[in-house]
Amino acid sequence: MKKSDFLVELEDILQREESCNETDNLEDYEEWDSLSKMSIMAYYDKKFNIKLSLKDFKDLVTVNDLIALAGDKIQ
Amino acid sequence: MANIILRNVKTRGIKTIIPEKYIDIDDELEFFENNPKKIARAKKMVGYGRRYIANENTTVVDLAVYAAEELFSEMNYNRQDIDLLIFVNQKPDYPEPCDACVAHGRLNLNKICTSIDINLGCSGYIHALMTAHTYLSTGMYKKCLILAGDLCGRSCTQSDRKSAPVFGDAASATILEYVENGNVAYFVTGTDGKGWNKIIRPFGGMRIPIDEKILTTKTQNSIGNEVPLIEPIIKGEDVFNFTMDIVPKLIDDIIEFAGLTSGDIDLFAIHQANKQIVENIVDKAQIPKDKAPTETFFKYANNSTNSVVTVLCDSLKDNNIKKVLLCAFGVGLSWGAAIIDIDGIYNGGISSYIEPKDKSSVKEQIDFWIKYIKGEE
């Protein structure tokens, strides 16, 4: 998946009304809560067959860090 | 996983009963910072809607016995013919005796009836169904009543936003009979006991009996809600990953085991853990979306043990459904799937419990038991 496509998808995953950018700090998102993290887990599992755990979210700072969790599945 | 074929059993009737009282997520603005947009977001993401909650005076046995009475009456069924009663529940009326014996007495069933409990939650109905089929298929038992339910809704503190919006209460009655036409049912079940602590209420059993400290202590859960220690603990992310590891494959396995394709199944009754989880299962297992209801969660929430029965009772009306795949998973960790033919089944649907006017309060019951101990009752 292209990075630009994922950024559009991310708006829907988080149910966010504003656009998402690679360098955005996740903690600045009002929507960055437990519901969003579960939705990210569901999305990564469904789309990329990647299993995430809450530990994976602990060190995330930016959207780019989140993208990196998908490895080469998002380019 | 255990793969089992059992013959000569037919499911004759089902009925689900829900408590009278309910909570709508739209009425819980205070938990969403008084922001309706946040409620709309949660509804879209997880599917939150209405959940029915039993009052402190109502138990699974009350709801399930009510369901059985209604079902007997609606089907004009002779209860004296029932020779097997299976009660599946994780919130029993008493530490002892088992719910099946209490229900047997309240329903005035025949003394020749074997009555047993199964202590399982979300996957419990599949195990009860498999147990009923196992007994009946021998031909030694002829008529079985399954009573199923849970009170996860009543058990949650409403300020626990991890669990409270997810769970609602319900119980059901199912009647099955031995038949001689060779009717075939398929079951696949499994357990991962290494995950025993992923969904748990640690206090109140013999391991850690409840004392005053446990009753009065509160702590913060992982999303910052202050919750009592007696609250159920759910490791959501672990349970989600377990579900996605096991359940889509479970569905594939049972369809293959039965020599069918997903096109042969008329209805997929999947445990309504929440909308997001059911939709992920449907996608991963490549099930036709129109045959796998997800809206039952919005209408009744996660009914734990009764969840798949709630789906059946909610979906069978006005539909010509013959072959059903039931699939449930959760606390244990435990899972199961069944493929059964339900053509000709009586569906009593979902009705509301009406509390008897003369029902004793909890305080009155405590006073009764004190007299009972004294030998005055």
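Applying the Kirkwood pairwise sum to the alpha-carbon positions of region B:31-76 produces a hydrodynamic radius of 13.8 angstrom. In region B:246-300 the Cα-Cα distances spread across 5 Å bins starting at 0 as 4, 21, 32, 25, 12, 5, 1 percent of all pairs.
Using the 10 angstrom Cβ neighbour count as an exposure proxy, how do B:Ser172, B:Ser73 rank, fewest first?
Working: B:Ser172 30, B:Ser73 10.
Placing the least packed residue first, the sequence is B:Ser73, B:Ser172.
Remark: region B:150-162, residue by residue, has Karplus-estimated 3J(HN,Hα) of 7, 10, 5, x, 4, 7, 8, 6, 5, 7, 7, 7, 6 Hz, where x stands for each Gly or Pro and the curve is 6.51 cos²θ - 1.76 cosθ + 1.60 at θ = phi - 60°. Under a Gaussian network description of chain B, with springs only between Cα atoms under 10 Å, the residue in B:Arg207, B:Arg41, B:Arg79 that fluctuates furthest is B:Arg207. Considering only B:Thr261, B:Ser123, B:Ser361, the residue lying farthest towards the positive end of the dipole of chain B is B:Thr261, judged by Cα position with unit charges set on Cβ.
Once both labels are modelled 7 Å past Cα along the beta-carbon direction, what's the B:Asn320-B:Ile354 spacing in nm? About 3.5 nm, to one decimal. Look at the dipole of region A:3-73 built from charges on Cβ: of A:Ile50, A:Leu26, A:Gln15, the Cα furthest out on the positive end belongs to A:Ile50.
Against the compact-protein benchmark of 2.2 N^0.38 Å, the Cα-based radius of gyration of chain B scales to 0.97. For chain B, modelled as a GNM whose springs connect Cα atoms under 10 angstrom apart, the maximal fluctuation among B:Ala64, B:Ala185, B:Ala171 occurs at B:Ala185.
Legend: calculated FRET efficiency, B:Lys371 to B:Tyr346, from the Cβ-Cβ distance at R0 = 45 Å, rounded to 0.05, equals 0.60.
The distance separating the Cα centre of region A:1-46 from that of region B:134-153 comes to 45 Å.
Here the dipole of the protein assembly as shown is about 1000 debye; that uses its Cα centre as origin and unit charges on the Cβ of Lys and Arg (positive) and Asp and Glu (negative). Ordering B:His133, B:His271 from the fewest to the most neighbouring beta carbons within 10 Å gives B:His133, B:His271.
The alpha-carbon atoms of the protein assembly as shown, seen along their principal axes, cover 71, 57, 39 angstrom, with the largest extent given first.
Along the charge dipole of the protein assembly as shown, Cβ charges K/R +1 and D/E -1, which of B:Asn306, B:Thr11, A:Ile40 sits furthest on the positive end? My answer, from the dipole projection, is B:Thr11. Each Lys and Arg contributes +1 and each Asp and Glu -1, all at the Cβ; summed about the Cα centre of region A:3-73, the dipole is approximately 540 debye. Using Cα centres only, tell me the gap between region B:269-339 and region B:48-124 in whole Å. Each part's Cα centre sits 22 Å from the other's.
If R0 is taken as 45 Å, the Cβ-Cβ distance between B:Asp211 and B:Glu180 corresponds to a FRET efficiency of 0.20. The modelled label-to-label distance between B:Lys194 and B:Met75, using points 7 Å beyond Cα along the C-beta direction, is 4.1 nm.
Using helices alone, what [θ] at 222 nm do you get for chain B, with -39,500 (n - 2.57) per DSSP H run of 4 or more residues, divided over all residues and rounded to the nearest 500? Rounded to the nearest 500, it is -9500 deg cm²/dmol. Lysine pair count for region A:3-73 with Cα-Cα distance under 15 Å and sequence separation of 8 or more or different chains is 9.
In a GNM of chain B with a 10 Å cut-off on Cα contacts, which of B:Pro36, B:Pro293, B:Pro92 has the highest mean-square fluctuation? Looking only at B:Pro36, B:Pro293, B:Pro92, the biggest GNM fluctuation is shown by B:Pro36. For B:Ile82, the residues whose amide H sits under 5 Å from its own are B:Asn110, ignoring neighbours fewer than 5 places away on the same chain, with H placed 1.01 Å from N. Using the crude model of +1 on Lys and Arg Cβ and -1 on Asp and Glu Cβ, and no other charge, please compute the dipole size for region B:128-176 relative to its Cα centre, in debye to 20. Dipole of region B:128-176, to the nearest 20 debye: 80 debye. State which entries of B:Lys235/B:Lys284; B:Lys15/B:Lys299; B:Lys235/B:Lys363 exceed 25 angstrom in Cα-Cα distance in the structure shown. In this structure, B:Lys235/B:Lys363 lie more than 25 Å apart at Cα.
FYI, it's all coordinate maths here, none of it is from the lab. It should be emphasised that the depicted structure is a prediction, and the values quoted were computed from it without experimental measurement. Neighbour counts are summed over all protein chains in view; Cβ atoms, including those assigned to glycine, are modelled from backbone coordinates with ideal geometry.
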